[in-house]
Amino acid sequence: MIRLQHISKIYESGGQQTAALREINLHIKPGDIFGIIGHSGAGKSTLIRHINLLERPTTGQVVVDGVDMTALSYRKLQEERRSIGMIFQHFNLLSSLTVKENIAFPLRLAKLPQDKVQRRVKELLGLVGLESHADSYPSQLSGGQKQRVGIARALATEPKVLLCDEATSALDPQTTQSILSLLLAINRRLNITIVLITHEMQVIRSICDRVAVLDGGVIVEEGAVADVFLKPQHRTTRDFVAQVADLSEMDVPGDRSPGSRTRVRITFIGEQTYEPVLYETMSEMNVPFAILQGTISRLKEIPYGQLVVELHASGNEAAQTIAALQSRGLDVEVLTYE
Ligand SMILES: Nc1ncnc2c1ncn2[C@@H]1O[C@H](COP(=O)(O)OP(=O)(O)O)[C@@H](O)[C@H]1O
Ligand SMILES: [Mg+2]
């Protein structure tokens, strides 16, 4: 759906050059919710603005749904942009227009006949749950309601892609979840590809299928959310994962009796999360164990569990136990050896 190929972006201002993006290669599949996470200044906004060519790359190509965006005339580009909606951290609504008029705005630009505009606006108000606020002004709405207007406006021209630039960063956690649920519903119901950027791992964990980690204008890690979240490789990724407190190891007690014990982290994904695989394997191996820390949660709708377990075994016996756990499909990482 979206291919970014060898994108680099160098800003020049006052004789100063800033390399905001370096050699970005991304492939976003149709229907995916693709997250890009990074700290402030990492280049996230620059990156997402390349998808609809609000920024032009210094080098490289942007291909959306088979169309090379970088090669289009201005007119053609304006047309293509209608198939890419965008929402923003600070909503960017027109304060002098009502909710209804804000949503109708892109349809009027596209010169849709008045009766069709009205029908479409009504549909969109329903989709985002704002029927009763059609005639309100933005100043009369809460942050969450404003973002719902932003979403309805972005969807007005029936885009194939929705870009979200920190769309929940100005909202409290509860409102954030309700907006994320709405985005997920839109992705499923309308089959729209969503690209979202954020500095919050919680956002990625809630709704994304895949994630790229951006650091200093470079993608340092990319993959399925479950893989990146449960097995972060890069330091920056680990920092983001640590934001989600239930996976931190703060609560694991210190090693009290090293020597005959082996500490491991076991990861369960999917249905095995709810099955007695650990108990069964340990019984078969006849190895006592203690659970030091554990969490069960969800990545989007996939259940996962992570346990830090101390096996009362070492050497060969521990290695065999670990192999037995792995043969049942569990991911086992050794944390300490004797
Ligand atoms: N229009 C611009 N002119 C010059 N430098 C810019 C411009 N926009 C962004 N930058 C610089 O590019 C880098 C990435 O910025 P940005 O994409 O806004 O990061 P993020 O959205 O991750 O916070 C920063 O160093 C920023 O100062
Ligand atoms: Mg930004």
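The values are calculated or read from the model by the stated rules, or taken from the named source; none is laboratory data. Everything numeric in this text was worked out from a predicted model, so none of it was measured. Cβ coordinates were reconstructed from backbone atoms using ideal geometry, including for glycine residues, and neighbour counts include every protein chain displayed. Each accessible area value is taken on the protein alone, full model and side chains, heavy atoms only, with ligands, DNA and RNA left out. Shrake-Rupley method; radii C 1.70, N 1.55, O 1.52, S 1.80 Å.
In whole Å, what is the distance between the alpha-carbon centres of the stretch 265-307 and the stretch 77-124?
Centre-to-centre distance over Cα atoms comes out at 48 Å.
Out of Leu278, Leu97, Met1, whose Cα points farthest toward the positive end of the dipole of the chain (charges: +1 Lys, Arg; -1 Asp, Glu; placed on Cβ)?
Value: Leu97.
Compute the signed sum of charges (Lys and Arg +1, Asp and Glu -1) over the other residues within less than 14 Å, Cβ to Cβ, of Val67.
Spelling it out: positives minus negatives among the neighbours equals +2.
Helix 315-327: angle to the longest alpha-carbon principal axis of the chain, degrees 0 to 90, nearest 10?
So the inclination is approximately 40 degrees.
Taking only Cα atoms and a 10 Å spring cutoff, compute GNM fluctuations for the chain and point out the largest among Gln140, Gln16, Gln78.
Maximum among the listed residues: Gln16.
Using 7 Å Cα-to-Cβ label points, what is the Ser169/Ser96 separation (nm, one decimal)?
Result: 2.9 nm between the two label points.
Pick from Ile207, Ile197, Ile302: which residue has the top mean-square fluctuation in a GNM of the chain where Cα pairs under 10 Å get a spring?
So, out of Ile207, Ile197, Ile302, the one fluctuating most is Ile302.
At 7 Å along the Cα-to-beta-carbon direction for both Arg235 and Lys76, put a label point, then send me their distance in nm to one decimal.
Once both label points are built, they end up 4.5 nm from each other.
Please list 3J(HN,Hα) in residue order for the stretch 165-179, calculated via the Karplus relation 6.51 cos²θ - 1.76 cosθ + 1.60 where θ = phi - 60°; whole Hz, with x for glycine and proline.
9, 6, 5, 10, 5, 9, 10, 6, x, 5, 5, 3, 4, 5, 5
For the chain, what does the relative contact order come out to in percent, with C-alpha contacts under 8 Å and a separation of six or more? Could the numbers behind the result be given before it?
Working: 615 pairs, mean separation 59.2, N = 338.
Dividing the mean separation by the residue count of the chain yields 18 percent.
Under a 10 Å cutoff between Cα atoms, tell me which one of Glu301, Glu12, Glu200 has the largest fluctuation in the Gaussian network model of the chain.
Comparing Glu301, Glu12, Glu200 in a Gaussian network model of the chain, the most mobile one is Glu12.
Averaged across orientations, what area in nm² does the convex hull of the alpha carbons in the stretch 2-243 project? Before the final figure, lay out the partial values.
Working: hull surface 54.8 nm².
If you wrap the Cα atoms of the stretch 2-243 in a convex hull and average its projections, you get 13.7 nm².
Enter the accessible area per residue of the stretch 262-336 (Å², integer; probe 1.4 Å; all protein chains in place). Working shown, then result.
On the way: 3460 Å² over 75 residues.
Counting only protein heavy atoms, the per-residue value for the stretch 262-336 is 46 Å².
At a Förster radius of 45 Å, what calculated FRET efficiency corresponds to the Cβ-Cβ distance of Thr336 and Asp115, to the nearest 0.05? Before the final figure, lay out the partial values.
Values: r = 70 Å, r/R0 = 1.56.
Computed FRET efficiency for Thr336 and Asp115: 0.05.
About its Cα centre, how strong a charge dipole does the chain have in debye, to the nearest 20, once Lys and Arg get +1 and Asp and Glu get -1 at the Cβ?
Working: 36 positive and 38 negative charges, 341 e Å.
Here the chain has a charge dipole of around 1640 debye.
What does the charge dipole of the stretch 262-336 about its Cα centre add up to, to the nearest 20 debye, if the Cβ of each Lys and Arg holds +1 and the Cβ of each Asp and Glu holds -1?
Numbers: 5 positive and 9 negative charges, 46 e Å.
Charge dipole, the stretch 262-336, about its Cα centre: 220 debye, nearest 20.
Just name one of Thr175, Thr193, Thr157: the one whose Cα is farthest towards the positive end of the charge dipole of the stretch 153-228 (beta-carbon charges, Lys/Arg +1, Asp/Glu -1).
So the residue furthest toward the plus end is Thr157.
In whole Hz, with x marking every Gly and Pro, tabulate ³J(HN,Hα) for the stretch 145-153 from phi via Karplus 6.51 cos²θ - 1.76 cosθ + 1.60, θ = phi - 60°.
Each residue's phi maps through the Karplus curve to give 5, 4, 5, 5, 5, x, 5, 4, 5 Hz.
What FRET efficiency do you get for Ala185 and Tyr274 if R0 is 45 Å and r is their Cβ-Cβ distance, rounded to the nearest 0.05? Walk me through the numbers before you get to the answer.
Working: r = 26 Å, r/R0 = 0.58.
Step by step, r from the Cβ atoms, then E = 0.95.
With a 1.4 Å probe and all protein chains left in place, how much of the accessible area of the chain comes from carbon and sulfur atoms, in whole percent?
Carbon plus sulfur share of accessible area: 49 percent.
Can you give the helix-only mean residue ellipticity at 222 nm for the chain, where every DSSP H stretch with n ≥ 4 adds -39500 (n - 2.57) and the sum goes over all residues, rounded to the nearest 500 deg cm²/dmol?
Working: 11 runs with 116 residues, N = 338.
Result for the chain: -10500 deg cm²/dmol, rounded to the nearest 500.
What shape does the stretch 5-79 take by its C-alpha gyration tensor, where a ≥ b ≥ c are the square roots of the eigenvalues and a/c under 1.5 counts as rounded, a/b above b/c as prolate, and the rest as oblate? Walk me through the numbers before you get to the answer.
Numbers: a/c = 2.03, a/b = 1.21, b/c = 1.68.
Because a/c hits 1.5 or more and a/b fails to exceed b/c, the stretch 5-79 counts as oblate.
Averaging sequence separations of C-alpha pairs under 8 Å and six or more residues apart, then dividing by the length of the stretch 173-231, give the relative contact order as a whole percent.
Dividing the mean separation by the residue count of the stretch 173-231 yields 22 percent.
Calculate, axis by axis, the spread of Cα positions in the stretch 262-336 along the three principal axes, and write the results as whole Å, longest axis first.
38, 21, 15
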